[in-house]
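Asker: Once you've had a glance at the structure underneath, I'll fire off some questions.
The values are calculated or read from the model by the stated rules, or taken from the named source; none is laboratory data. Remember, predicted model here, so these are calculated numbers, not experimental data. For neighbour counting, all protein chains shown are included, and Cβ atoms are generated from backbone atoms with ideal geometry for every residue, glycine included.
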Amino acid sequence: MTLKAISLKQPWANLVASGKKTIETRKWKTPYRGDLVICSSKKPDIYPAGYALCIVELYQIEPMKKKHEKKACIKVYPGAYSWFLRNTRPIVPPMAVKGSLGIFNLSVSPAKKRILASFAKGVSRANKV
């Protein structure tokens with residue numbers, strides 16, 4: 001099973017996983033929309049560094065505006081894009097992963113595949129109700 005993923009530094013990764021941060025900011029945009037595994041980068045070494053923490057849905061990207069600051073947990077900065085996230089599904093327990101720059105393909109073992117598939121399916125059913 002291969003999923004799209006992105007690595008975030010701490011404390012941002014934990015804030016996304018907790019649902020407190022629903023806008024991620026980047027200086028680049030992507031045409032990709034859909035589920036993203038949020039991974040905590042290994043640096044800085046803040047727990048849980050190097051783990052997949054949750055799955056979110058990336059559903060919109062637009063230039064960052066002042067009104068986005070609270071949900072992004074950061075002030076507007078030059079060239080920033082707001083990546084709108086919803087449907088946060090924590091991965092319990094977090095899974096050790098090897099991150100990468102940008103949006104990357106995360107290949108998971110058969111055992112991890114069952115865990116992640118259950119999170120993705122759970123939200124899919126909730127969205128149809």
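Asker: Regarding ILE61, is this residue more than 23 Å from PRO94 (Cα to Cα) and at pLDDT 95 or above?
Answerer: Spelling it out, ILE61 is indeed more than 23 Å from PRO94 (Cα to Cα) and at pLDDT 95 or above.
Asker: Tell me which residues, restricted to the stretch 44-79, are assigned to a helix (DSSP H, G or I), touching a strand residue (DSSP E or B) at 6+ places or on another chain (Cβ under 8 Å) and either among the aliphatic types (A, V, I, L, M) or surrounded by fewer than 17 Cβ atoms within 10 Å (Cβ to Cβ) (or both).
Answerer: Correct list: LYS71, ALA72.
Asker: Tell me, yes or no, whether the stretch 16-37 has at least one residue that is at pLDDT below 95 and assigned to a strand (DSSP E or B).
Answerer: No, because not a single residue in the stretch 16-37 is at pLDDT below 95 and assigned to a strand (DSSP E or B).
Asker: Which of the residues belonging to the stretch 24-40 are within 21 Å of VAL76 (Cβ to Cβ) and under 10 Å from the mean Cα position of the chain (by Cα)?
Answerer: Passing the criteria: only GLU24.
Asker: While we're looking at this one, here's another question. Given (1) of a type in the set (Ser, Thr, Tyr); (2) part of a loop (DSSP other than H, G, I, E, B); (3) touching a residue at least 40 places away in the same chain (Cβ under 8 Å), where does SER82 come up short, assuming only one miss?
Answerer: (2)
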